[in-house]
Amino acid sequence: MSITIRVFDPADTEAVLALWLQAFPEYNDTSRPHRNPRLSIANKLGTQPELFFVAADRDGAIVGTAMAGYDGHRGWLYSLAVAHEARRLGIGTRLVRHAESALAAMGCLKLNLQVLSDKPEVIAFYDALGYRADAVVSLGKRLSVQEPAAVA
């Protein structure tokens with residue numbers, strides 16, 4: 001399959017949402033507001049939008065995504081998704097390598113990512129690309145969204 005990797009364009013939003021709802025079933029769980037894909041896109045467009053990549057086939061259909069981030073210390077990879085019908089064609093690998101290159105060009109020396117523990121096939125994918133489990137414990141805390149203070 002011939003694909004092009006490029007930076008996300010807001011016109012890609014609905015296609016990306018459809019792909020993510022297919023690739024990430026947890027996004028369909030409305031009891032998990034931290035898994036709101038529309039909010040994820042909006043937040044990424046506000047922070048390093050140049051690190052939000054899509055893979056498009058020759059007809060322009062979105063068949064993959066990857067988001068990356070870099071805070072000057074560590075890089076992160078998020079939302080790697082490939083359409084079911086386009087899996088096992090090297091698209092995920094190309095997206096990861098593209099994100100790695102973009103982060104390396106920014107001076108990033110280490111890339112982190114997290115995988116849900118109940119997804120061994122995803123862990124195997126990253127293992128094949130050279131990623132290894134770090135001897136750390138990943139901690140998280142859900143924060144409630146705060147409304148901005150009114151300006152007097």
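The values are calculated or read from the model by the stated rules, or taken from the named source; none is laboratory data. None of these values were measured; they are calculated from a predicted model. With ideal geometry, Cβ positions are generated from the backbone for all residues, glycine too; neighbour counts draw on all protein chains shown.
Worth a mention:
A quick yes/no check of all residues on (1) under 19 Å from residue 130 (Cβ atoms); (2) of a type in the set (Lys, Arg); (3) in contact with a Pro (Cβ under 8 Å, 6 or more places away or on another chain):
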site	(1), (2), (3)
46	no, no, no
55	no, no, no
58	no, yes, no
65	no, no, no
77	yes, no, no
89	no, no, no
106	no, no, no
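- Any hit, the range 120-135, residues being under 17 Å from residue 66 (Cβ atoms), assigned to a loop (DSSP other than H, G, I, E, B), at pLDDT 85 or above and in contact with a strand residue (DSSP E or B) (Cβ under 9 Å, 6 or more places away or on another chain): yes
- Of all residues in the range 97-119, those satisfying the criterion of being surrounded by fewer than 10 Cβ atoms within 10 Å (Cβ to Cβ) and more than 14 Å from residue 77 (Cα to Cα) are 105, 107, 117, 118.
- Residue in the range 5-12 that is without any contact (Cβ under 8 Å) to a residue 12 or more places away in the chain and within 13 Å of the chain's Cα centre (by Cα) present: no
- Filter pass, residue 87 being surrounded by 10 or more Cβ atoms within 10 Å (Cβ to Cβ) and farther than 21 Å from residue 55 by Cα: no
- Residue match in the range 25-48 (condition: in contact with a strand residue (DSSP E or B) (Cβ under 7 Å, 6 or more places away or on another chain), surrounded by fewer than 16 Cβ atoms within 10 Å (Cβ to Cβ) and assigned to a strand (DSSP E or B)): no
- Criterion violated by residue 76 - all others in (1) closer than 25 Å to residue 2 by Cα; (2) without any contact (Cβ under 8 Å) to a residue 40 or more places away in the chain satisfied: (1)
- Check on residue 45, modelled with pLDDT of 95 or more, of a type outside the set (Lys, Arg), under 12 Å from the mean Cα position of the chain (by Cα) and on the phi < 0 side of the Ramachandran plot: no
- The range 49-69, subset part of a loop (DSSP other than H, G, I, E, B) and of a type outside the set (D, E, K, R), residue farthest from residue 19 (Cα to Cα): 60
- Of all residues in the range 1-12, those that are within 18 Å of residue 80 (Cβ to Cβ) and either surrounded by 13 or more Cβ atoms within 10 Å (Cβ to Cβ) or modelled with pLDDT of 95 or more (or both) total 7.
- Residue check, residue 54 closer than 28 Å to residue 106 by Cα, surrounded by fewer than 16 Cβ atoms within 10 Å (Cβ to Cβ) and free of Cβ contacts under 8 Å to residues at least 60 places away in the same chain: no
- Among the residues making up the range 70-90, those that are among the hydrophobic types (A, V, I, L, M, F, W, C) and assigned to a loop (DSSP other than H, G, I, E, B) are 83, 89.
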